[in-house]
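Coordinate-derived values only; no laboratory data. What you see is a predicted model, and the numbers here were worked out from it, not measured in a lab. Note that we place each Cβ from the backbone using ideal geometry, even for glycine, and neighbour counts take in every protein chain shown.
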Amino acid sequence: MAKPIVAVVGRPNVGKSTLVNRLAEQREAIVHESRGVTRDRSYHETDWNGREFVLVDTGGIESIHSKDTFAPRIREQALIACEESDVIVFVVDGTVGLTDEDEEVARVVRRSKKPVFLVVNKIDDPGQELATWDFYTLGVGEPRPISAGHGHGTGDLLDDVVAALPAEGESAPNDADDTLNVAIIGRPNVGKSSLTNRLVGHDRSIVSDVAGTTRDAVDVVVTQDDQRYRLVDTAGMRKKSQVHEDVEYYSMVRGLMAMDRAEVCVLVVDCSVGATEQDQKLATMAIERGCALVVCLNKWDLVDTEQKRERVEESISRRLGFASWAPLVRISALTGRSCNRVLEFARKAAETRASRVQTSKLNAIMDEIRQSGHTVVHKARRLKVNYATQASTCPPTFALFCNAPDLVDDNYERFVENRLRERLDLEGTPIRLKFRRKD
């Protein structure tokens, strides 16, 4: 059975993300003093006293009359979290007191018919508990003072939350090893969230024409052809010199963390612009982290002339030529064109990344290279590779034992990699070559 879900809701800037980080004992949710930092709902697995559950961090619920462009969609994401949760933690700000927005949230949670825990946050001094009395008028139970920043009262809150969760049935199967971690990366506003929503089948992430709509790394688990995928929709990452806001910096850090955990990175490229220098850098970062790579050419429906097609292909060759082994998928997240193939390519790339090559086959290829006569010569010294074997997987790493590793240069390393890729099925995965002295 699935883990129970606890939704953390409230108006903007009451400390929901801080509380989620405190309860999950992690720093995954972005915390900033700015209003409305969290937009999409994000999931964080945790446990208390041996009981595992999932915390859902939501965006601040504002009045339906709010002028914020994203307010209606943030509200919708929070409502979905309330509907799918087993318990709701309603957070208010004890330093501000009761507001109209708090009453708006209270009306939402009362309709849910779920167990609700009303927590008055930012009560750093236990002597300030009188400040919680006004919140009785919300009609959602007894307000309990806590400090998410300092941890006061959070242990008692977790005790009561766990006690209110549904009775624990049969233990859930341990399928974590069967779930493929896929990070969807790219520049801002290239269609990452649209692609995520298309793969999930519903509006999991907020989508708009405004660059930087997604701020946190939003993950969701989907199943296709009996394979489970954990998709992580990351915030758009631009050049460091163009990152001026703290929130965007934290978004970029969360995106890099998602890449660190991923087995496959899906790089989304905007065909209306073509591959850019930043796309090149993102692909390089994925390769450096040993991730398999799939390149999605999004908005292909806008490439309606031969001239546009040639321009896109030229930019791909120029900017991403170093990763020519990465499969290209021409999609349109708006119309759904070929989106069902993205996860298929991701699965194949992950399988290749975890594959092993027989030592005999590997050395047969090295024999062909020796017979071709292509090597490195410096003065009286001549490079000779005697033996090769695969040292590890994820990504495939090959150890090549030779007489003079110091003679190996970038050109020879690229030559060997190209010969290996010609003879072996290594599509979608980077490889590592380690030249070692034969002793």
Check G149: other-chain or 5+ apart residues with amide H under 5 Å from its amide H, H built from backbone geometry? K122
Could you sort 43-56, 78-91, 399-412 so that the peptide with the highest average Cβ count within 10 Å comes first and the rest follow in order? 78-91, 43-56, 399-412
In range of the label at H378: residues from segment 389-428 whose backbone nitrogen is under 16 Å from the point 7 Å along Cα→Cβ: 402-414
E422 and R318 label points (each 7 Å along its Cα→Cβ direction) are spaced in nm at 2.8 nm
Between V385 and residues 5 or more places away or on another chain, which pairs have amide H atoms under 5 Å apart, with H built 1.01 Å from N, and which residues are they? none
For a quick check: with amide H placed at 1.01 Å from N, whose amide H comes under 5 Å from F435's, ignoring anything fewer than 5 positions away on the same chain? L400
Which order do peptides 285-294, 256-265 fall in by mean Cβ count within 10 Å, highest first? 285-294, 256-265
If r is the Cβ-Cβ distance from A399 to E45 and R0 is 51 Å, what FRET efficiency results, to the nearest 0.05? 0.85
Whether segment 356-413 is rounded, prolate or oblate, judged on the alpha carbon gyration tensor where a/c under 1.5 counts as rounded: prolate
Can you tell me the length gained on complete extension of the stretch Q224 to E310, counting 0.36 nm per residue apart and subtracting the Cα distance? 27.6 nm
Taking a threshold of 24 Å on the Cα-Cα distance, which of the pairs K281/K438; K379/K438; K361/K384; K113/K192 fall above it? K281/K438; K113/K192
What distance in nm separates the two pseudo spin-label positions at K438 and F415, each 7 Å out from Cα along the beta-carbon direction? 1.8 nm
Find the centroid of the Cα atoms in segment 184-203 and in segment 373-400, then give the distance between the two in whole Å. 41 Å
